[in-house]
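The values are calculated or read from the model by the stated rules, or taken from the named source; none is laboratory data. Predicted model only: the values in this text are computed from it and were never measured. Cβ: placed from backbone, ideal geometry, glycine included. Neighbour counts: every protein chain shown. Remember, those area values only see protein heavy atoms, side chains included, never the ligands or the DNA or RNA. Shrake-Rupley method; radii C 1.70, N 1.55, O 1.52, S 1.80 Å.
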Amino acid sequence: LYTGDEGTQAITGVGFQPDWLWIKVRNEVNSHYIFDSSRGVDQALFSDLPSAEVDYSATGRMTAFGTDGFTVETSGSTGTNGNDDTYVAWNWKANGGTATASGSESGNNPAYSVQANPTAGFSIVTYTGTGATGTVPHGLGVVPQMMIFKNRGSAGNWAIYHGSNTAAPATDVIYLNLTNATADTVNMFNDTAPTSSVFTVDTNGNLNEDGVAHVAYIFANVEGYSKIGSYTGNGSTDGVFVNLGFRPAWILTKVT
């Protein structure tokens, strides 16, 4: 948590150099800002919007990933550092901005760059779409349970694969920026579940537009650290207990 000063401000105390950063102003109406060290410090996406990536190198929203946090600046916006505005920032560690694997386009398989942290069950994958069914490495060494995709160059919804969404999760999709229920669609993941090494993208432009840059945030379960799953509500004040095996610090839920 931090308070903006409408200047350039270093936020410290994170405890590590973040690679994926999600910022939201708490006392004002404004979008959720998402940055990562694979796309570059000036490149913002918005988790509540279908908008393409925005380059803030000239106007400023964020300027650096530091060894113990990050630096934000504001040019007439409440987005990341408005004067006296209150903010929450969620941070994830990948590999310090350095790729752990990369590859060129091969047939229908996209060119890619992976920044993975298998210990934390998290990776950032940037790739260039081919518009045809192909596979992309994720670098985790285990089967991912959640994958969040965004087309960086065109407006399009944030597509999510969730391993506990339905009995056949690879046939379905939910959206980060929409209130829609689960949709059954064949052209997202080619009805193919991810493996311990790759995920499959199909022809849908939200995650595989030909010649366009995309990003995927990949998550796997890590015992005692992170848990991706599902539960069924009971509509009671004595609600459902969801056993994670640890006390969570961050919870993301969506009715499916």
- Query: Of all residues in the range 88-110 being among the hydrophobic types (A, V, I, L, M, F, W, C) and either part of a strand (DSSP E or B) or loosely packed, with under 14 Cβ neighbours inside 10 Å (or both), which is farthest from the chain's Cα centre (by Cα)?
  - Reply: Ala101
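With respect to Gly139, is the statement that it is farther than 28 Å from Gly69 by Cβ and open to solvent by less than 60 Å² (accessible area, probe 1.4 Å) true? Show your work before the answer.
Working: farther than 28 Å from Gly69 by Cβ: no; open to solvent by less than 60 Å² (accessible area, probe 1.4 Å): yes.
Criteria not met by Gly139.
Under the condition of being in a loop (DSSP other than H, G, I, E, B) and β-branched (Val, Ile, Thr), which residue from the range 38-87 is surrounded by the fewest Cβ atoms within 10 Å (Cβ to Cβ)? Full working, then the answer.
First, the residues of the range 38-87 that are in a loop (DSSP other than H, G, I, E, B): 38-39, 47-53, 56-61, 67-68, 74-85.
Those still in the list that are β-branched (Val, Ile, Thr) too: 59, 67, 74, 78, 80.
Details: Thr59: 14, Thr67: 12, Thr74: 22, Thr78: 19, Thr80: 30.
Among those that are in a loop (DSSP other than H, G, I, E, B) and β-branched (Val, Ile, Thr), it is Thr67.
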- Would the range 8-25 turn up any residue that is at pLDDT 95 or above and of a type in the set (D, E, K, R)? yes
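Let's see how each residue does on (1) in contact with a Gly (Cβ under 7 Å, 6 or more places away or on another chain); (2) of a type in the set (Phe, Trp, Tyr):
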position	(1), (2)
Pro194	no, no
Glu209	yes, no
Val212	yes, no
Phe219	yes, yes
Val222	yes, no
Asp238	no, no
Trp250	no, yes
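Only one of these is touching a His at 6+ places or on another chain (Cβ under 7 Å) and buried (at least 20 other Cβ atoms within 10 Å of the Cβ): Phe189, Phe219, Phe199. Name it. Give the derivation first.
On the way: Phe189 fails: touching a His at 6+ places or on another chain (Cβ under 7 Å); Phe219 fails: touching a His at 6+ places or on another chain (Cβ under 7 Å).
Among Phe189, Phe219, Phe199, only Phe199 is touching a His at 6+ places or on another chain (Cβ under 7 Å) and buried (at least 20 other Cβ atoms within 10 Å of the Cβ).
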- Message: If Ser123 satisfies all but one of (1) open to solvent by 40 Å² or more (accessible area, probe 1.4 Å); (2) in a strand (DSSP E or B), what's the number of the condition it fails?
- Response: (1)
- Message: Contact list please: Cβ distance under 9 Å, first residue in the range 4-25 and closer than 15 Å to Ala94 by Cβ, second residue among the β-branched types (Val, Ile, Thr) and open to solvent by less than 50 Å² (accessible area, probe 1.4 Å), pairs at least six apart or on different chains.
- Response: Asp19/Ile124; Trp20/Ile34; Trp20/Ile124; Leu21/Ile34; Trp22/Ile34; Trp22/Val88
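Residues of the range 142-162 being open to solvent by 20 Å² or more (accessible area, probe 1.4 Å) and over 15 Å from Asn206 (Cα atoms), which ones?
Here is the first cut: in the range 142-162, the ones open to solvent by 20 Å² or more (accessible area, probe 1.4 Å) are 142-143, 145-146, 152-155, 157, 162.
Within the range 142-162, Val142, Val143, Gln145, Met146, His162 qualify.
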